[in-house]
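Inspection log for the structure reproduced underneath, given as structure tokens.
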Amino acid sequence: MYETHFGLGERPFQLTPDPRFWFETATHGKAMAYLGYGLAQGEGFIVITGDVGAGKTTLVGHLVETLDTRRVRVLHIVSTAIDPDDLLRVVAGQLGVDAQGLSKAALLAATERALNGVAREGRRVLLIVDEAQALPLASLEELRMLSNFQAGGHALLQILLVGQPEFRDRLLGSGAVEQLRQRVIAIHHLDPMDPEEVPDYIAHRLAVAGWTGRPDFAADAFDALYEASGGVPRRLNVLAGRVLLQAAIEGVELIGPETVRSVAADMAADMGGERIAPPQAEPVAAQAAPIVSPATFDPPAFGAGALGALNGTAAGIAATAGTLRSGLYANGHAAADPIIRTRPTNEGEGAQRDAYRVVAPPPAPEPVSFRPAAPPQPERPEPAPSDATAALEERIAQLEARLEQQEAALRRVLTLLVDWTDMEDRGEAKREGASIRPAGAWGHAA
């Protein structure tokens with residue numbers, strides 16, 4: 001629907017995980033670094049947790065897409081409270097073992113032979129278990145036993161456990177899984193994205209979907225998107241998709257915060273929540289700003305277009321991200337006189353329905369402290385207009401520093417992977433040299 005109206009090649013905010021839409025936030029970058037480190041070890045357990053919608057499945061899909069299948073064979077299980085025997089049969093089946101009619105002892109023996117067969121091909125096996133929080137304790141213990149299989153001092157199986165926060169709590173807080181916990185070599189929890197990452201995320205997904213300039217976003221629309229979604233990727237996708245649909249229906253070309261908040265309120269009502277009560281009419285003080293109608297309200301925009309630099313290339317995405325960041329902080333957070341914009345009223349008709357009342361923020365209550373009062377400090381002068389520019393430059397420097405940190409982490413991961421590859425190559429060369437050594441090379445007595 002809306003993708004046709006705005007000339008997009010596909011839906012940019014679909015819920016089905018697609019590695020093409022992979023966007024590396026700070027927390028996802030850390031997760032990939034931990035995964036790279038864990039895979040370089042070639043043994044034990046790696047644990048990734050996150051709230052519902054945090055992007056765990058997308059992370060796993062991106063990881064699988066980047067693995068070298070000539071060296072790693074991936075098995076993938078989506079856990080639905082699988083008991084130990086069924087778990088063994090699922091793993092054996094993915095290794096090509098016919099488990100029908102086999103006892104547990106025979107099944108384990110057949111699984112070990114299959115793992116050794118993969119090792120003879122020069123590959124390792126990575127078992128990914130999704131929704132790990134649903135696994136019974138006995139099944140987790142069975143996975144630990146599978147991780148014991150080894151040949152020539154090398155583990156035949158490495159396991160990646162992906163689950164919700166309760167699995168992390170269970171793993172770290174229960175003595176019943178102490179043996180498994182000691183085998184965890186890397187663990188990371190996916191957090192929601194930061195507010196400053198939302199513009200980059202929106203720009204990236206629109207670029208992949210073939211964005212051609214419509215619709216555009218006002219600077220403070222991104223703040224509204226973050227406030228309503230909490231920075232959780234799946235929630236943000238659902239909200240952004242509905243916002244684009246609403247914009248297509250109403251013929252909106254510049255999406256502002258009022259559209260985002262209106263859609264968020266409708267979604268809350270659709271899910272059984274209560275609509276936000278309209279603000280009570282208050283006498284407006286003489287110094288307060290008058291009511292501003294939508295016809296005269298002009299939300300801050302990026303001028304020629306918030307996403308106008310997009311051209312589907314990496315350079316275009318990077319340029320757009322910079323434009324979004326600069327527009328967001330210049331037009332939103334750097335405002336000298338903050339204001340509170342109440343949500344649109346949901347009752348009444350005409351201008352009253354969509355009116356905004358702009359009032360000064362209420363004074364914060366004085367904190368209660370039991371410490372002696374500090375001596376009065378001289379009043380600081382009002383910040384000069386140049387301070388806003390300095391704050392913006394400092395923010396840009398922070399973003400550049402974080403980018404350098406992510407690049408350094410990526411270089412460390414690549415170094416670990418290269419070292420691991422060299423070790424594997426040296427091990428293979430050593431084994432090949434040992435296999436062709438003459439029978440009498442060890443100098444045994446005649």
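Where a number appears in this text, it was derived from the coordinates with a stated rule and is not lab data. The shown structure was predicted, so the numbers you read here are calculated from the model rather than taken from an experiment. Here the Cβ is made from the backbone with ideal geometry for all residues, glycine too, and neighbour counts use every protein chain on show.
Grab the other residues whose beta carbon is less than 12 angstrom from that of residue 410, score K and R as +1, D and E as -1, and report the net. Around residue 410, the surrounding residues sum to 0.
Using θ = phi - 60° in the Karplus curve 6.51 cos²θ - 1.76 cosθ + 1.60, the 3J(HN,Hα) couplings for the range 121-127 round to 7, x, 10, 10, 10, 10, 9 Hz; x is entered for Gly and Pro. Highest mean packing comes first when the peptides 29-42, 190-203 are listed by Cβ atoms within 10 Å, giving 190-203, 29-42.
Shape descriptor for the range 26-190: Rg over Rh equals 0.94 (Cα atoms; Rh from the Kirkwood inverse mean 1/r).
What number comes out for the charge environment of residue 245, summing +1 per Lys or Arg and -1 per Asp or Glu over other residues with Cβ under 12 Å away? Local net charge: -1. Take every Cα-Cα pair in the range 86-129 and report what % of them are more than 18 Å apart. Tail of the P(r) past 18 Å holds 23 percent of the pairs.
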